[in-house]
Amino acid sequence: MEDNMSELQQANGAGKASVGLQEEDGYSREIRDLALNLVMRVPSAPAALRAASNDDRLAAVGEATIRLAEAKDIETICAFRCAQSMEYWGLSATEESHRLFRAETEAYVRRNLDKVVHFALVEVAGEAVSMSGLEIVDRMPAIGVRGGAERGATVVACYTLPQHRGKGYMSQMLSMWSALAPMLGVDAVYIESHNPSMQMLALDEGYDYVSEKYRLDLASVRRADSAVQLGAVGSVPEPAYLPAG
C-alpha cells in the first residue's frame, strides 16, 4: 500500500508547488484536540475504527483510525484529490490541465489548511485509505436564520481507495464533521454530489435535499439532542434545596 501511495504521489507531481506554510496557532491545535475527543464518542459503523491523536501510533496492525490532517499530510491530501479527479472526471495524470490542477490544489491547501478547510484521514496500518474535507464559507444572508446570515460549510474531497470501500469510513467522517462544525461557528453543513452512494449516505446521516444540495441544519440537530437529554434528566428526582436565608 505504501508503494501504491508513493507511485500515486509521483504520478500527480507531488512537491511541484512551492508555497510558504502558515504555522498552526494554538486555537487550531485546541480545535483538533476537541474534535478528536468528540470522534471517540461518535458511534462508528466499523467496530475497529477509532480516533487517534496525531502523535498516536497504531496499537495493532490492520486497525483503522481516524484523525484530522495537518501540514505533514498535504502531499497525501493532494494525491487523494488527484486520484478522485482521475476516477470521477476521467483526467489523465499526463495532461497539462491535470498537472496544473495538482499544483493549484497544493497551493490552496497550504494557504488554507486549518483555516478555511479541514481534512480528515482514515488510516489502516498507518497508511491513509480514505479522506474527506470540510470547507467553510463566509456568512451570507439566509431565510429563517437569526440575523439573516448563515455560516455554511461544504463537505468536499470525499474519496476512498477502491479496495477499502464499503466499510463505513465516509459515514464516520460525516459524523465527525457534524460534531466539529458547531465549534467552528458553522450553522449548516452541505454536501454537493452526483454520486448515488454519497447521496444515499447524506440522507441516512440526516441531511435534507435542498436546491440540488444536501443540507444538515446543525441547530435542528442540537435541538433534537437537547430534547433527548432533557427527557433523560426528567426521569431523575429533583434535588432538595436548603431554604434561603
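What full-extension length gain, to one decimal in nm, is calculated for MET200 and TYR88 as 0.36 nm per residue of separation minus the Cα-Cα distance?
38.6 nm
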**Prompt:** To the nearest 0.05, what FRET efficiency results for LEU100 and VAL210 with a Förster distance of 22 Å applied to their C-beta separation?
**Reply:** 0.10
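State the percentage of accessible surface on the range 88-208 attributable to carbon and sulfur atoms; use a 1.4 Å probe and exclude ligands, DNA and RNA. Numbers along the way, then the final one.
Details: 3000 of 5530 Å².
Ligands and nucleic acids excluded, carbon and sulfur reach 54 percent.
The values are calculated or read from the model by the stated rules, or taken from the named source; none is laboratory data. Keep in mind that this is a model prediction, so the values were computed, not measured. Every residue, glycine as well, gets a Cβ built from its backbone with ideal geometry; the counts of neighbours run over all protein chains shown. Only protein heavy atoms, including side chains, enter the accessible area calculation; ligands, DNA and RNA are left aside. Shrake-Rupley method; radii C 1.70, N 1.55, O 1.52, S 1.80 Å.
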